[in-house]
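Have a look at the structure below before the remarks.
The values are calculated or read from the model by the stated rules, or taken from the named source; none is laboratory data. For clarity, every value in this text was computed on a predicted model and none was experimentally measured. Glycine also receives a Cβ, built like all others from the backbone with ideal geometry; neighbour counts cover every protein chain displayed.
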Amino acid sequence: MQPVIGITSTLVKINEFSEGVYVHQDYHRAIVAAGGLPLVLPLTDPDSFSRLIDLCDGVIFSGGEDVDPQQYGAEPQQHLGPIHPQRDRVEVAAVRYTIGAGKPLLAICRGAQVLNVALGGTLYQDLPSEYPGALQHSQKAARGVDTHWVELAEGSYLHRIFGQTQIRVNSLHHQAIRQAAAGLVVTGTASDGVIEAVEAPGCVFTIGVQWHPESMAERDPLMQALFREFVDQSRAAKKNRLSAPLTG
Ligand code: MN
């Protein structure tokens, strides 16, 4: 039984005549390789997006635009990148809906930032200008290449999945979590102290990572293990829902 894994998407304009749904193909490739059935979720409105999540056994909040600082009560700084307020509104609601539904959630890059903001946390809008001593987090190397270390918290879910506390990751972000939300625990940091992973303890699989495991998974067994665990937990959560006694 392949669990259905929803993937959030954005809009792209290709030319004057073509505009449409976009998500990097590495996401669905990593899901398929881990035994899941990928389903790209078009950006609709918060209500109908909840119906789309009803169709899914687990949800990936994918990478993309900067988060509108209005979402966490901040003013836009000089180096804020392009934002997509509609996507923010839909995804902030969708994070809460997914967690409320008890479905596994894997939040990647922008997704990890949206997860944090949806639960009440804040962000750095631009590391190079707001975080003295920051590493190069917008790597010039190809997307799948690992460029910096992340130290994982002893005993965290990610530590259990990877079986080690130091991992190599790629880095394609200029924003990052500033203040982690009260419901999240920081479980991964870069050597400059930038938050690279958060988890919601006591929930089903609810993990945010600042790197892009989907683009490392083709060659990296650790990132394959992350997707396998996420897909396995999505399958298990589905089974639990189906076997729960009917009420009302
Ligand atoms: Mn990084």
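Does segment 154-184 hold any residues that are under 22 Å from residue 118 (Cβ atoms) and assigned to a loop (DSSP other than H, G, I, E, B), and which are they? 156, 173, 174, 175, 178, 179, 180, 181, 182, 183, 184, listed by residue number.
Among 143, 235, 241, 219, which is the only one that is assigned to a helix (DSSP H, G or I), of a type in the set (D, E, K, R), out of contact with any Phe, Trp or Tyr (no Cβ under 8 Å at 6 or more places or on another chain) and at pLDDT 95 or above? Answer to the selection: 235. Might you let me know whether segment 122-138 holds any residue that is more than 13 Å from the ligand (Cβ to nearest atom), touching a Pro at 6+ places or on another chain (Cβ under 9 Å), among the β-branched types (Val, Ile, Thr) and touching a residue at least 40 places away in the same chain (Cβ under 8 Å)? Within segment 122-138, one or more residues are more than 13 Å from the ligand (Cβ to nearest atom), touching a Pro at 6+ places or on another chain (Cβ under 9 Å), among the β-branched types (Val, Ile, Thr) and touching a residue at least 40 places away in the same chain (Cβ under 8 Å). Residue by residue through segment 142-174, note down the ones that are aliphatic (A, V, I, L, M) and either buried (at least 21 other Cβ atoms within 10 Å of the Cβ) or away from the ligand (no atom under 12 Å from the Cβ) (or both). Hits for segment 142-174 are 142, 145, 150, 152, 153, 158, 161, 167, 169. When only residues in segment 192-247 that are farther than 18 Å from residue 179 by Cα, among the charged types (D, E, K, R) and buried (at least 16 other Cβ atoms within 10 Å of the Cβ) count, which is nearest to the chain's Cα centre (by Cα)? Applying the filter and picking the extreme gives 214. Would it be correct to say that residue 125 is surrounded by fewer than 19 Cβ atoms within 10 Å (Cβ to Cβ), more than 14 Å from the chain's Cα centre (by Cα) and not aromatic (Phe, Trp, Tyr)? Here the answer is no, as residue 125 does not meet what is asked.
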